[in-house]
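Asks: The structure under discussion is supplied below as structure tokens; questions concerning it will follow.
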Amino acid sequence: MTTPLLSVDHLTMRFGGLTAVSALSFVARSGDITAVIGPNGAGKTTVFNCITGFYRPSSGTITLADGGAAHPLHALPGHLITRRAKVARTFQNIRLFAGMTVLENLMVAQHNMLMPSVVNGLLAVFGIGGYRQAQKRAIEKATTWLEAVGLLGRADDPAGALPYGQQRRLEIARAMCTDPVLLCLDEPAAGLNPRESDELSDLLMRIRAGGCSVLLIEHDMGVVMRISDHIVVLDHGKKISDGAPAEVRADPKVIAAYLGEGDEDDIDQVAAEEAA
Amino acid sequence: MSARPLPPAAMLRDAGLSALVALGLFVVLIGLKLTPTDAGMVLEQRWRALAIVVATVFVGRLLMLQWRVWRPASAPTPRVLAEALQRSGRWVAPLLLVVAVVLPLFSGRYVIDVGILVLTYVMLGWGLNIVVGLAGLLDLGYVAFYAVGAYSYALFSTTFHFGFWVTLPVAGLLAACWGVILGFPVLRLRGDYLAIVTLAFGEIIRVVLINWTSFTGGPNGVSDIPRPTLFGLKFNGSGDPDTFAVFFGVDYSITQRIMFLYYVILGLALLTNWVSLRLRRLPLGRAWEALREDEIACRALGIDVTVTKLTAFAIGATFGGFAGAFFATRQGFVSPESFTFTESALVLAIVVLGGLGSQLGVALAALVMIGGTEALRFVNDLLSSLGIQSDFDFTQYRMLVFGIALVVVMVMRPRGLVSGRVPSVALGQRTEIAAELVAQGRG
């Protein structure tokens, strides 16, 4: 599939005098797993926060084209990005509702489906409005996702009591319960052991197979190279490379950004020293 | 604390040091006293009193050191206590309800009056619990909605002669409006900042009530507020056909009216409880709790944080308004003096002491705080029935006693009497979530 799903066009984000992202343009295609990589401080999370409405971009546009509709993400209020444009996200530092159970976390994610408006929410107090059926469907969906991430046995445990790897998976399941067309993951493999990283890769492939496109920030190159269809490389807020994993891996600019680029003189000097 | 026993010499040295500090402190404070007489100032020496104080410190310090040694190594932890309380919670709540229902049938006017007072605070506590306990928004101005409700009924009934049952929903609605009005400016505030603005809001309402004399009667308040009726039947001894006594062919007694008021507030409080418990299991209540846990995550899940906060303020305020209307009709008189910050603080103390988000805890805390204060009046009677004559007036010290009690409870059970959280939905069995995991909300 080659339909563009998310188009970022000349996105610039300034914090006071600091330009975190400058004139960034890229496209994430529908049905792809798109990875945004780059050294620390390259502006990856800033791009994410712009896409998911936590920052308002200084200039530029972000458009999500889903079916016939085009949603201008740079102008939508934060909660509507999830609700209307169907973009879900997870956080680099996990943000679960720690004092609520695993199941409750997934129920909160289906809030808009369960309560289309405040009036519905208040009528439900008196048992009006078919809330019971909606709740039953919501529990079914939650159960499906709990099974998918292997947490069904822990449904009634508090989310805060889960081990780290399970919390990561629960956060992905929670985001998926909002029925997104684009799932944005901020370093989902951070802190996972190799086996858990493999499980995560499988999960993301299954999510893509289920029809949801994925945009991810990741430092774990193993995961990125294995599952990505398309990689965007940032450095100092600018795009330095964009393409399929094999192309990006071979790009000298990417290698320089990751290994540190020396001045020509330095390299000559090192070469001279080695020769001597 | 270490249970390692100190050698006797070290203990004596420690106690001696404490006694020395006490001596240094009190030698001028207690040992010497200036008394003005006709012949000028006389320096009175009170070495005996000083000796008693220093000796007390010495012995007290020794006992304290000894206590540290003797104290059982593993005192029952609060967790065990909490679990016991949770188990007993199953029957405590129904038992309290039964007692509340039958209480007026077996007690005199005074007890029913105290019951009405306790139930009013239970209701206010449950109302505030929605805002503070569930949504995690610290509200120091809850009394404002109580005042709006009270004045709504007072003014509607005295100006337009509306009845209590007609005005009750209106009072709730008006309070809800003010809840939303308060909600808007504070939407972006969190924690301490939110607390300060809500505090100011409570004061603004009170100051307006005092100064807008033409509308509210100013400091004189509104008097001659009509009493509530039972389907049009009044409670008085006039002998008219539309009074309760004549209609049912019984002798009029003032207890009938008090009992009626008691059941009205009991009904209103139970309504508050029912709505809160029900909302907790519905998406709206779950969104409130999610908001308390993590506002940013809520936003990322597509929850409209603005609407969610405003509904919490509005629904909490509605019940404050109901309680206010009841207060007005019970007193027959309202004035701004009834709606000071102390009231807000008391209701908040009930919620915090009971345990944020816990319905049973709030009810228990209200019973202890309000009922307990009243109970202190009877300490002397109790003592004299035991054969001890005491001139000590405990009621003078009741605020002190309750201050100390509050501190002690909060030290021993920092998350309130009934902490922990019961999940709102479960696939299998609902198991309580330990209080340590549950966020307290920072606004």
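The values are calculated or read from the model by the stated rules, or taken from the named source; none is laboratory data. Computed from a predicted model, the values in this text were never measured in an experiment. Backbone-built Cβ (ideal geometry, glycine too); neighbour counts: all protein chains shown.
Asks: So, of the residues in the stretch B:212-230 that are more than 28 Å from the chain's Cα centre (by Cα) and not in a loop (DSSP other than H, G, I, E, B), which turns out to be surrounded by the fewest Cβ atoms within 10 Å (Cβ to Cβ)?
Replies: B:Ser214
Asks: Here's another thing I want to ask about it. Spot the failing condition for B:Tyr252; the list is (1) under 24 Å from the mean Cα position of the chain (by Cα); (2) surrounded by fewer than 22 Cβ atoms within 10 Å (Cβ to Cβ), and only one is missed.
Replies: Among (1) under 24 Å from the mean Cα position of the chain (by Cα); (2) surrounded by fewer than 22 Cβ atoms within 10 Å (Cβ to Cβ), B:Tyr252 violates only (1).
Asks: If you don't mind, there's one more thing I want to ask. How many of the residues making up the stretch A:28-42 are crowded, with 24+ Cβ neighbours inside 10 Å and in a loop (DSSP other than H, G, I, E, B)?
Replies: Matching residues across the stretch A:28-42 total 1.
Asks: What helices (runs of 4 or more DSSP H), lying completely within the stretch B:281-393, carry at least 3 residues that are within 11 Å of chain A (Cβ to nearest Cβ), over 15 Å from the mean Cα position of the chain (by Cα) and in contact (Cβ under 8 Å) with a residue 40 or more places away in the chain?
Replies: Values: elements: B:283-293, B:295-300, B:305-331, B:341-354, B:359-366, B:372-375, B:379-385.
Of the helices (runs of 4 or more DSSP H) lying wholly inside the stretch B:281-393, those with at least 3 residues that are within 11 Å of chain A (Cβ to nearest Cβ), over 15 Å from the mean Cα position of the chain (by Cα) and in contact (Cβ under 8 Å) with a residue 40 or more places away in the chain span B:283-293, B:305-331.
Asks: Counting just the residues of the stretch A:223-247 that are surrounded by fewer than 17 Cβ atoms within 10 Å (Cβ to Cβ) and touching a helix residue (DSSP H, G or I) at 6+ places or on another chain (Cβ under 7 Å), which one comes out nearest to A:Gly38 (Cα to Cα)?
Replies: Top of the filtered list is A:Met225.
Asks: If you don't mind, another one. Restricting the search to the stretch B:107-160, which residues are among the hydroxyl-bearing types (Ser, Thr, Tyr) and either within 14 Å of the chain's Cα centre (by Cα) or in a helix (DSSP H, G or I) (or both)? Working first, answer last.
Replies: To start, the set of residues in the stretch B:107-160 that are among the hydroxyl-bearing types (Ser, Thr, Tyr) comprises B:107, B:110, B:120-121, B:142, B:146, B:151-153, B:157-159.
Within the stretch B:107-160, B:Tyr110, B:Thr120, B:Tyr121, B:Tyr142, B:Tyr146, B:Tyr151, B:Ser152, B:Tyr153, B:Ser157, B:Thr158, B:Thr159 meet the criteria.
Asks: Is it true that some residue in the stretch B:83-94 is of a type in the set (S, T, N, Q) and either at pLDDT 90 or above or outside any helix (DSSP H, G or I) (or both)?
Replies: For the stretch B:83-94, residues of a type in the set (S, T, N, Q) and either at pLDDT 90 or above or outside any helix (DSSP H, G or I) (or both): absent.
Asks: Continuing with the same structure: I'd like to know if the stretch B:399-410 contains one or more residues that are in a loop (DSSP other than H, G, I, E, B) and either crowded, with 17+ Cβ neighbours inside 10 Å or not assigned by TED's automatic domain parsing to the domain that holds B:Leu189 (or both).
Replies: If we filter the stretch B:399-410 for residues that are in a loop (DSSP other than H, G, I, E, B), which is where we start, we get none.
No.
Asks: Pull up the stretch A:112-126, narrow it to residues that are facing chain B (nearest Cβ under 7 Å) and in contact (Cβ under 8 Å) with a residue 24 or more places away in the chain, then point me to the one that is nearest to A:Phe54 (Cα to Cα).
Replies: Among residues in the stretch A:112-126 that are facing chain B (nearest Cβ under 7 Å) and in contact (Cβ under 8 Å) with a residue 24 or more places away in the chain, the one nearest to A:Phe54 (Cα to Cα) is A:Asn112.
Asks: Name the residue that is farthest from the chain's Cα centre (by Cα), counting only residues in the stretch A:55-73 that are surrounded by fewer than 19 Cβ atoms within 10 Å (Cβ to Cβ) and part of a loop (DSSP other than H, G, I, E, B).
Replies: A:Gly68
Asks: Also, quick follow-up: Has the stretch B:190-198 got at least one residue that is closer than 23 Å to B:Phe326 by Cβ and assigned by TED's automatic domain parsing to the domain that holds B:Ala325?
Replies: There is at least one residue in the stretch B:190-198 that is closer than 23 Å to B:Phe326 by Cβ and assigned by TED's automatic domain parsing to the domain that holds B:Ala325.
Asks: Here is a further query. Counting only residues that are more than 7 Å from every other protein chain (Cβ to nearest Cβ) and either closer than 11 Å to B:Ala290 by Cβ or within 16 Å of the chain's Cα centre (by Cα) (or both), how many does the stretch A:97-111 have?
Replies: The qualifying residues number 1.
Asks: Would you call B:Gly179 small (Gly, Ala, Ser) and either closer than 13 Å to B:Leu137 by Cβ or not in a helix (DSSP H, G or I) (or both)? Don't jump to the end; show me each part of the working.
Replies: Numbers: small (Gly, Ala, Ser): yes; either closer than 13 Å to B:Leu137 by Cβ or not in a helix (DSSP H, G or I) (or both): yes.
Spelling it out, B:Gly179 is indeed small (Gly, Ala, Ser) and either closer than 13 Å to B:Leu137 by Cβ or not in a helix (DSSP H, G or I) (or both).
Asks: Scan the stretch B:365-387 for residues that are surrounded by fewer than 24 Cβ atoms within 10 Å (Cβ to Cβ), closer than 19 Å to B:Val409 by Cα and either polar (S, T, N, Q) or at pLDDT 85 or above (or both) and jot them down.
Replies: If the condition is that a residue be surrounded by fewer than 24 Cβ atoms within 10 Å (Cβ to Cβ), closer than 19 Å to B:Val409 by Cα and either polar (S, T, N, Q) or at pLDDT 85 or above (or both), then B:Leu367, B:Val368, B:Met369, B:Ile370, B:Gly371, B:Thr373 are the ones that fit.
Asks: So, one more: Among (1) more than 11 Å from chain B (Cβ to nearest Cβ); (2) crowded, with 16+ Cβ neighbours inside 10 Å; (3) within 29 Å of A:Cys50 (Cβ to Cβ), where does A:Gln166 come up short?
Replies: Here A:Gln166 meets the rest and fails (3).
Asks: Of A:Ala109, A:Ala138, which residue is within 30 Å of A:Leu11 (Cβ to Cβ), in the same structural domain as A:Pro163 (by TED's automatic domain parsing), in contact with a Leu (Cβ under 8 Å, 6 or more places away or on another chain) and in contact (Cβ under 8 Å) with a residue 24 or more places away in the chain? It would help to see each step written out before you state the result.
Replies: Details: A:Ala138 fails: within 30 Å of A:Leu11 (Cβ to Cβ).
Going through A:Ala109, A:Ala138 in turn, the sole match is A:Ala109.
Asks: Output yes when any residue across the stretch A:127-137 is of a type outside the set (S, T, N, Q), in a helix (DSSP H, G or I), at the interface with chain B (Cβ under 9 Å from one of its Cβ atoms) and under 26 Å from B:Val275 (Cα atoms), and no when none is.
Replies: Scanning the stretch A:127-137 turns up at least one residue that is of a type outside the set (S, T, N, Q), in a helix (DSSP H, G or I), at the interface with chain B (Cβ under 9 Å from one of its Cβ atoms) and under 26 Å from B:Val275 (Cα atoms).
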